[in-house]
Every structure is written in C-alpha cells, then in structure tokens.
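Have a look at the structure below, then the notes.
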Amino acid sequence: MDQATVDPVDPLHRPDQRDQPAATVVVGAGLGGLIAAVTAAGRSPGRRVVLVDPHPPGGRARTDQRGGFTFNRGPRALYRTGPADRVLRSIGVDTGRGGPPSLRNAIAVHDGGVHRFPGEPLDALRTSLLTARQKAELLRTLAALWRASPATTDGRSLGQWLDARGVGGVVRQSTEALVRVASYANAPETFAAGPALANARAGISPGVRYLDGGWQSLVDQLLVIASSRGVEVVQAAVRAVAPGPASVTVTTDGPCWEAASVVLALGGPDAAAAVLPARPASWGDLAPPVTAACLELGIRGLPTHRFALGIDEPLYGSTHCPPADLAPEGHAVVHLMRYQPVGDHVPATEQRARLEQLARQMGIAPDAVVEQRFLAKMVVAGTLPHPATGGLAGRPPVDVAEHPGVFLAGDWVGPTGLLLDAVASSAVEAGRRAASRSATMARA
C-alpha cells in the first residue's frame, strides 16, 4: 500500500511495514471506534494508537450527497444532554448545530386514517385519535411511564409492564408508538421495560436534535481531533484478533500489529466474535439485531405535515431539514421508516409502497420529490436489552474476560443507554481501559 497524505476528512495511513508494535489498536472506525481511539490517545500521549477499518471512517454515521441533498443512512437524532451528547462535548465535538423536530400540525396514523398527533397539550385535547376516556387513560399511562422505577420494571418487558397496568387498545398502541420512535425498536414483548421507558422519557424531554450536515459532522470533527492526538487511521480488513500472554496480535489484509490492548468497535456481537479465537459464552443469549426499512426523500418545499407517527402500524415520518441544514434553499429532507419486528417477512416492495403512502399522507406530492433512496433493511442496533438477562445490566461488559487485553464498544455493550448513548459510553470506557492496560504493559 502507498503512504497517503493525512487530511482532516480522510486521514488514511497505509503503511507497508508488518508486525508493527502499537499501544492500542481499535478495530472499527464508526463513531464508537473514533471515540475509543480519541480517548485512548488522549490518555496515553506519545503511545501509538491505530484505528483500522476496511471502509472510510464513519460506519453507519456516514452521510451521502444526492443532488445537493445530504442523506443520513436512515433517520438520525442526537438525544440532547444525553450520555452521547456529554461524551462528544467533553472531547471537543460541537453538537449544537441543528434543531429539534417540529410537531406543529403533526399527524398520527391509525386504522388508515389521519388524526391530530397528541404531542402538545392542546393537540391532545383536540385529537380525534382518542375518546375522552382514552385521553384520560393515556395521561395516566404517561404519568406512570414518567415515574417508572426498577421496582416496577425489573424483569419485565415493555409488554409485561403495560399488562401489569391493564393498558390496552389504542392507548397501548400509542404508548408503544412513543417507545418505538424513541428507541427505533419494534419489540414490546422482548424489550426490557426499564431502558425502553427511559428512552421514551428522554425523547419527550429534553428531546432530540437533528444535526446540520447530518452525523457526518460528528465523524469529521472526531477525525480532526483524532489526527491532532496522533491517531493513525488505516484502511484494512481485520482477519483475526489473537490475545496472547503479553500482547494481542491483530492480523489484517495489510499490516499486522502486536498491541498491548485492542478495542473491538464493530457493528454487533457477531462481527466482534468473527475476529476472535472463540465467541465468549456470555454472548449466547443476546437478541438478534434491530432493523428498519427507510425511505429518504429530498423534496421541493415543505410537507403539509412535518411529522407523522403510526399508531397501529410501526411507521414514522419526520422532516429533518429544516431544522437541520441538509438541503438546498427552498427544499427539505424527509426521512420515513418502518420499524421491523424480529423475523419480519413483509416484502421490501410492500414496505416501500407503504412508506410512499405515508409520504402522501404527510402532504408530499410525488412530483415534489427530487431525490430519493430506499434502504430495505438498515441495522439500527446490534441487539436489544432483554428482561430475562437483566436488561442493560445483562449486556456484555467492556472487558472481555475470556480474552485479556480485548475491550468492547458498541450499542450492545455496557450498562448505559441505548443507540449512540450506549456506543459513546462504552467507547469512552473501552478507550480508558485500553490506555490503562497499555501503560501498565509498557512499564512492565
């Protein structure tokens, strides 16, 4: 491989040497890998930190340009003041550019009909979605959601929590819809109630922000910080990670490293297990990945209804631009999504047709669409916390006990949060522990 010039956006090192020493090697250059590498380098200045991925940095956080429109790879929202927001800000990433979704004139779709979305107090009073009795029941359910504690959620799925409260019908569907939009997950019977309800609360207040430039803005800023801390970014496919008594060998289709520590920041447990000598036994009960079908639209003008949520169908539509800067002046970017259940068998053509119908229900005429892209099965998360395995506390820890010197980062790792909140929290901890081990091994 030829040596490449380092720049802030694509700082790819392609060294020729093999069997190179390194303090820490991070496998996977998504947001988790970038955060772990930046953290490790910041805590061990002068020691070599290498970030390896066969693809350009960013992973699922990369954006794509289509005719002047910026498309995230599916709808992306950052929870304001959440764990990821705090981690990114502490590193030096600006997360404040953009804005929250607009619920003005938002709609709820139920039984094929369109109703006023009860997202604001006045809308809740006026909506035709619920009867007066159902509105009172929904308020009681939301109050219970807000004060939910481990005593009422531990060992229970979201479905079991609703069962215990006797919640059914459209009130139950509305509550499940709020959890779906906050967690991207359509699995009420297997999703641990504690984290499900916590994310729903965070989605209501303080809410989320759509970012100017999409999540690529986070990737680009982290790459600049990584470069300033001396992180080397290598484009290569990792074939094996082999822990030994004194070091961890990382074999790729290019360079090979003998590292004091390795962070695996890959897409999920299967991807991490594929490079290890053996799959840790503790990963055996993890739920399958969470997926969704996504339709991304670049349109002229604005939709009549800038936000839509399916109540009896797992559907979502939201105008990400504005508020975020993702489109040419006078245009908008709208993300539509169908949350797929585990074992979903609905053909991709049917899913796309339903999302196109939702776009029309939002007031988007077909001739207003300038650019579009359909993602039939986008991975949202590596797994969901299951009540039978302890919820968040039952997820794999950052340390891999069976493989000393190997640490994990991802949305399926550690006891904190979901989605990017879990990624950032586990990545920071993995970076810290990797740097600590590297320092200890260096002294030895």
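Which one, 169, 184, 195, projects farthest toward the positive side of the charge dipole computed for region 132-197 from Cβ point charges (K/R +1, D/E -1)?
Looking along the dipole axis, the top candidate is 169.
At 0.36 nm per residue, minus the direct Cα-Cα distance, what do residue 146 and residue 274 gain on full extension? Give it in nm, one decimal, please. Let's see the in-between values first.
On the way: separation 128, 0.36 × 128 = 46.08 nm, distance 4.01 nm.
Between residue 146 and residue 274, full extension yields 42.1 nm more.
May I ask you to give the average projected area over all directions of the convex hull of the Cα atoms of region 179-274, in nm² rounded to one decimal?
Reported value for the Cα convex hull: 9.7 nm².
First select every other residue whose beta carbon is under 13 angstrom from the beta carbon of residue 357; then total the charges, Lys and Arg +1, Asp and Glu -1.
On the way: positive: 338, 352, 354, 360; negative: 313, 350, 356.
Neighbour charge sum, excluding residue 357 itself: +1.
Could you give me the ³J(HN,Hα) list for region 256-270, computed from phi with Karplus coefficients 6.51, -1.76, 1.60 and θ = phi - 60°, whole Hz, x at Gly and Pro?
10, 10, 9, 10, 6, 8, 9, 10, 9, 10, 9, x, x, x, 5
Tell me the Rg and the Dmax, in Å, that the Cα atoms of region 132-197 produce.
10.9, 33
With no solvent and one point per C-alpha, what does the Debye sum give as log10 I(q)/I(0) for region 35-145 at q = 0.16 Å⁻¹?
-0.98
With everything on Cα atoms, drop me the angle between helix 216-228 and the longest principal axis of the chain, reported from 0 to 90° to the nearest 10.
The answer is roughly 20 degrees.
If packing is taken as the mean number of other Cβ atoms within 10 Å per residue, what is the order of 179-189, 328-338, highest first?
Values: 179-189: 22.8, 328-338: 20.2.
Going by the mean number of other Cβ atoms within 10 Å, highest first, we get 179-189, 328-338.
Give the angle, between 0 and 90 degrees and rounded to the nearest 10, that separates the Cα long axis of helix 193-204 from the longest principal axis of the Cα atoms of the chain.
70 degrees
Would you mind checking the tilt of helix 169-183 against the longest principal axis of the Cα atoms of the chain, expressed as 0 to 90 degrees and rounded to 10?
That helix lies at roughly 30 degrees to the long axis.
Among 79-92, 257-270, 367-380, what's the highest-first ranking by average C-beta atoms within 10 angstrom per residue? Write down the numbers at each step before the final one.
On the way: 79-92: 17.9, 257-270: 25.1, 367-380: 16.1.
Top to bottom by mean Cβ count within 10 Å: 257-270, 79-92, 367-380.
Report relative contact order for region 132-197 in percent, whole number only (criteria: Cα-Cα under 8 Å, sequence separation at least 6). Don't skip to the answer; put the middle values down first.
Values: 55 pairs, mean separation 31.6, N = 66.
Rounded, it is 48 percent for region 132-197.
Could you give each residue of region 417-425 its phi-based ³J(HN,Hα) in whole Hz, using Karplus coefficients 6.51, -1.76, 1.60 with θ = phi - 60°, and x for Gly or Pro?
In residue order, the calculated couplings are x, 10, 6, 5, 4, 5, 4, 5, 5 Hz.
State, in angstrom, two size descriptors of the chain derived from its alpha carbons: Rg to one decimal place and Dmax to the nearest whole number.
22.4, 72
Decide, for region 328-382, between rounded, prolate and oblate: order the square roots of the alpha carbon gyration tensor eigenvalues as a ≥ b ≥ c, take rounded if a/c falls under 1.5, and otherwise choose prolate if a/b is larger than b/c, else oblate. Let's see the in-between values first.
Working: a/c = 2.67, a/b = 1.76, b/c = 1.51.
Verdict is prolate for region 328-382.
What do the square roots of 5 times the Cα gyration tensor eigenvalues come to for region 196-338, in whole Å, largest first, as semi-axes of the equivalent ellipsoid? Write out the running numbers ahead of the final one.
Working: eigenvalues 303, 99, 40 Å².
For region 196-338, the ellipsoid semi-axes come out as 39, 22, 14 Å.
If amide H atoms are built 1.01 Å from N in the plane of the peptide, which residues on other chains or at least 5 residues away come under 5 Å of the amide H of residue 233?
13, 51
Out of residues 5 or more away from residue 208 or on other chains, whose amide H comes under 5 Å of its own, with H placed 1.01 Å from N in the peptide plane?
80
Between residue 63 and residues 5 or more places away or on another chain, which pairs have amide H atoms under 5 Å apart, with H built 1.01 Å from N, and which residues are they?
216
Give, as ranges by residue number, the residues of region 155-169 whose backbone N falls under 19 Å from the point 7 Å along Cα→Cβ of residue 136.
Correct set: 165-169.
Let me have the relative contact order for the chain, percent, based on Cα pairs under 8 Å that are six or more residues apart. Don't jump to the answer; show the numbers that get you there.
Details: 1030 pairs, mean separation 112.6, N = 444.
Relative contact order comes out at 25 percent.
Tell me the relative contact order for region 76-226 as a rounded percent, counting alpha carbon contacts under 8 Å between residues six or more apart.
Working: 162 pairs, mean separation 52.6, N = 151.
Computed over region 76-226, the figure is 35 percent.
Using R₀ = 30 Å, calculate the FRET efficiency as 1/(1 + (r/R₀)^6) where r is the Cβ-Cβ separation of residue 441 and residue 237; round to 0.05. It would help to have the intermediate numbers written out before the result.
Details: r = 26 Å, r/R0 = 0.87.
About 0.70, to the nearest 0.05.
Where Lys and Arg each count +1 and Asp and Glu each count -1, what net charge lies around residue 291 among other residues with Cβ under 14 Å from its Cβ? Working shown, then result.
Details: positive: 60, 73, 180, 338, 377; negative: 270, 344, 411.
Summing Lys/Arg as +1 and Asp/Glu as -1 gives +2.
Name the residue farthest towards the positive end of the dipole of the chain from the options 362, 378, 71, assuming +1 on Cβ of Lys and Arg, -1 on Cβ of Asp and Glu, about the Cα centre.
362
Values quoted throughout were computed directly from the atomic coordinates according to the rules given, and no laboratory measurement underlies them. Just so we're clear, the structure is a prediction, and the values are computed from it rather than from any experiment. Positions of Cβ are generated from backbone atoms using ideal geometry, with glycine treated the same way; all protein chains shown enter the neighbour counts.
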